[in-house]
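Heads up, the thing below is written out as C-alpha cells.
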Amino acid sequence: MPELPQEILMDIFALLEIPDLVRAGSVCSSWNNAYTRIRNIGQQKQAQTPCLLYTSESAGENVACLYSLAEKRAYKLTLPEPPIHRRYLIGSSDGWVITVDERSEMHLVNPITSEQIALPSVITIEQVEPIYDNTGAICKYNYSMDTKMSVTRRPLTLSLGKLRYYFHHKAHIFYDASVGSYIVVFIHNPFGQLVFARLGDEKWTRLSSSYTNFQDCIYQDGVLYAVTAFSEIIAFDLSGPVVGAKIIMDRVSDFYGRERVYIVQAPWGDMLQVWRPEAWINEEVDGHRHEATFEHKMKWMKIYKVCTVTKKKLVQMNSLDDHVLFLGRNQSLCSHAREYPQLKPNHVYLTDDVELVEYSCERGYRLNIGVLNFENKSFEEIILPRPWSNCLAPLFIVPNPRKMDLALHT
Ligand SMILES: *[C@@H]1O[C@H](CO)[C@@H](O)[C@H](O)[C@H]1NC(C)=O
Ligand SMILES: *[C@@H]1O[C@H](CO)[C@@H](O)[C@H](O)[C@H]1NC(C)=O
C-alpha cells in the first residue's frame with residue numbers, strides 16, 4: 001500500500017470520531033504515528049459526538065461499554081482495578097469519568113487511555129469519620145448529617161460500600177488554564193454541599209458552608225458557577241488564594257425536590273438553567289406497587305436563559321432551535337446540532353441522575369433515560385433493549401484520547 005504523507009493522514013484523522021481514530025491508530029505503524037501525534041497535540045476533532053458509558057452484568061467486571069451515538073454501536077473497554085462494574089459513575093467532563101468504588105473512594109478514569117488517578121479520601125471530609133478494626137484497617141464509616149443549619153443527630157454507621165449510597169451525588173473535573181492544572185468539584189450530602197480538590201491535593205477543601213443544596217456546576221475563566229435546587233446561582237472565584245463567593249442569581253423557586261436543576265453554557269454565549277421534573281408515581285406491576293418516574297412529566301421540562309444583570313430573571317425558551325442538550329451526571333452540554341449529523345436538533349438527550357439510586361431501585365424505581373423531542377414533547381428510548389445494569393444509569397461522555405500528563409505540560 002502506498003503511504004500517505006503524515007501531514008495528510010493527520011488532516012484526515014483530525015476529522016474522525018474517537019472510536020474510528022483509535023481503530024485507525026491500530027492499522028499500521030505509519031497510521032499509528034499519525035494517531036499518536038494527533039493525540040499528543042490534542043488535535044482530534046473537537047466536536048466529538050457524546051457517547052454513553054455503562055457497565056452490564058454480561059460484559060465482565062472490569063469492562064466498560066462505550067456506546068457511540070454517532071455509529072449506534074458499542075465498544076468494550078477493559079479498565080484498571082477496582083472493577084468498574086462495581087463502581088458508581090457520578091460525573092464526567094473533558095473525557096474523564098469520576099467513579100466511586102466499593103470502599104466509597106473516588107477515582108478519575110479516562111476510559112479511552114485507561115489512565116486512572118485516585119482522588120483524596122472521603123475521610124478528609126468532615127461528615128465522614130472512619131471506624132477502624134483491630135488490625136488498624138478502616139472497616140466502617142460514621143456519616144454525620146450535621147451541618148451548621150441542622151440539629152445534631154447521631155451519625156449513621158455504614159459499611160464501606162454503603163456510604164456512597166447516601167453521601168455521593170455528582171462530581172466534575174475542570175481544566176484551569178490560569179494555573180495549568182485540573183480541579184475536581186464534588187457535590188455531596190447531606191444537603192448538596194460543595195468541596196473541591198486540585199489534582200495532587202491530599203484532602204478535599206470545602207468551598208463554602210453558607211450555601212447548600214447544590215445540584216450542578218460549570219467552570220469558566222477561574223470562576224465556578226454552581227446552581228442550587230432553588231435555582232440560585234453562586235459564583236465562586238477560585239483564581240485567588242481566598243475563594244470569593246457571590247450570588248449572581250437569586251432564589252426563584254421555593255420548593256425542594258420538584259425538579260432537578262442544571263446549569264449549562266450555551267454555545268451562543270448565554271448561561272442556561274434547565275428544570276427537569278422529578279415527580280414519582282406509584283404504579284402497579286405484577287400485583288406489586290412500585291415507585292416509578294413519570295416519563296410523561298418530561299414534557300414539563302423547562303429551559304431558561306439566565307439574565308444575571310437583574311439577578312432575578314429567567315427567560316423561558318420555547319425551543320432549542322438547532323441545538324441539542326445532554327443532561328445527567330455529566331457536565332451538562334449544549335451544542336449546535338450541525339456538529340452531530342446523527343443527532344436530532346431541538347432534542348434533549350438525558351440519562352438518570354436520581355440521588356440514592358440503589359435505594360430507589362430496590363423500591364422499583366425505573367431509570368429515566370431517553371430522548372425528549374422538545375418541540376412536541378415525545379419521549380423515546382436511546383437504546384433498546386437497555387443494555388446497562390438495572391440500577392446503574394449510563395453516563396454521557398465526550399471521549400478524549402489525550403493523556404493527562406501531556407495536557408498538563410503544554
Ligand atoms: C460512630 O457513631 C456511633 C453512634 O452512632 C458512636 O457510638 C461511635 O462512637 C462513633 N464512632 C466514631 C469512631 O466516631
Ligand atoms: C413528534 O415528532 C416526531 C418527529 O417529527 C414524530 O415522529 C412523533 O410521532 C411526534 N410525536 C407526537 C406525540 O406528536
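Values computed for the structure shown
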| quantity | calculated |
| --- | --- |
| Out of Val357, Val324, sole residue that is within 24 Å of Glu102 (Cα to Cα), out of contact with any Asp or Glu (no Cβ under 6 Å at 6 or more places or on another chain) and assigned by TED's automatic domain parsing to the domain that holds Ile248 | Val357 |
| Qualifying residue in the stretch 319-329 (condition: among the polar types (S, T, N, Q) and touching a residue at least 60 places away in the same chain (Cβ under 8 Å)) | no |
| Residue check for Thr55: crowded, with 19+ Cβ neighbours inside 10 Å and in contact with a helix residue (DSSP H, G or I) (Cβ under 7 Å, 6 or more places away or on another chain) | yes |
| Matching residues, the stretch 168-213, being β-branched (Val, Ile, Thr), touching a strand residue (DSSP E or B) at 6+ places or on another chain (Cβ under 7 Å) and either open to solvent by 20 Å² or more (accessible area, probe 1.4 Å) or part of a loop (DSSP other than H, G, I, E, B) (or both) | Thr205, Thr212 |
| Selection within the stretch 106-123 - within 19 Å of Tyr165 (Cα to Cα) and part of a loop (DSSP other than H, G, I, E, B) | Leu119, Pro120, Ser121 |
| Residues that are open to solvent by less than 30 Å² (accessible area, probe 1.4 Å) and out of contact with any helix residue (DSSP H, G or I) (no Cβ under 6 Å at 6 or more places or on another chain), drawn from the stretch 98-120 | Ile98, Thr99, Asp101, Met106, His107, Leu108, Val109, Asn110, Pro111, Thr113, Leu119, Pro120 |
| Residue among Ile112, Ile131, Ile117 that alone is away from ligand 2 (no atom under 16 Å from the Cβ), free of Cβ contacts under 8 Å to residues at least 40 places away in the same chain and among the β-branched types (Val, Ile, Thr) | Ile131 |
| Residue check for Ser360: surrounded by 15 or more Cβ atoms within 10 Å (Cβ to Cβ) and either within 16 Å of ligand 1 (Cβ to nearest atom) or not in a loop (DSSP other than H, G, I, E, B) (or both) | yes |
| Flag for Leu406 being modelled with pLDDT under 90, more than 16 Å from ligand 2 (Cβ to nearest atom), open to solvent by 30 Å² or more (accessible area, probe 1.4 Å) and not in a loop (DSSP other than H, G, I, E, B) | yes |
| Meets criteria (buried (at least 19 other Cβ atoms within 10 Å of the Cβ) and either among the small types (Gly, Ala, Ser) or out of contact with any helix residue (DSSP H, G or I) (no Cβ under 7 Å at 6 or more places or on another chain) (or both)) for Gly95 | yes |
| Qualifying positions in the stretch 365-393 - part of a loop (DSSP other than H, G, I, E, B), open to solvent by 20 Å² or more (accessible area, probe 1.4 Å) and farther than 20 Å from Ala59 by Cβ | Arg366, Glu375, Asn376, Lys377, Ser378 |
| Strands (runs of 3 or more DSSP E) fully within the stretch 5-92 counting 1 or more residues that are polar (S, T, N, Q) and over 20 Å from the mean Cα position of the chain (by Cα) | 73-78 |
| Subset of the stretch 5-31 [open to solvent by less than 60 Å² (accessible area, probe 1.4 Å) and over 30 Å from Ile369 (Cβ atoms)] | Gln6, Leu9, Met10, Phe13, Ala14, Ala24, Gly25, Cys28, Ser30 |
| Number of positions in the stretch 214-255 that are assigned to a strand (DSSP E or B) and either open to solvent by 10 Å² or more (accessible area, probe 1.4 Å) or of a type in the set (A, V, I, L, M, F, W, C) (or both) | 22 |
| Test: residue in the stretch 344-354 that is open to solvent by 30 Å² or more (accessible area, probe 1.4 Å), more than 16 Å from ligand 2 (Cβ to nearest atom), among the aliphatic types (A, V, I, L, M) and touching a residue at least 24 places away in the same chain (Cβ under 8 Å) | no |
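Results for (1) modelled with pLDDT of 95 or more; (2) hydroxyl-bearing (Ser, Thr, Tyr), shown as yes or no for each residue.
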site	(1), (2)
Thr124	yes, yes
Asn142	yes, no
Met145	no, no
Ser150	no, yes
Arg153	no, no
Leu160	yes, no
Leu163	yes, no
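The values are calculated or read from the model by the stated rules, or taken from the named source; none is laboratory data. Owing to the predicted nature of the structure, the values given are computational and were not obtained by experimental measurement. Reconstructed Cβ throughout: ideal geometry from the backbone, glycine too, with neighbour counts over all protein chains shown. Quick note on the areas: whole protein, heavy atoms, side chains included, nothing else; ligands and nucleic acids left out. Shrake-Rupley method; radii C 1.70, N 1.55, O 1.52, S 1.80 Å.
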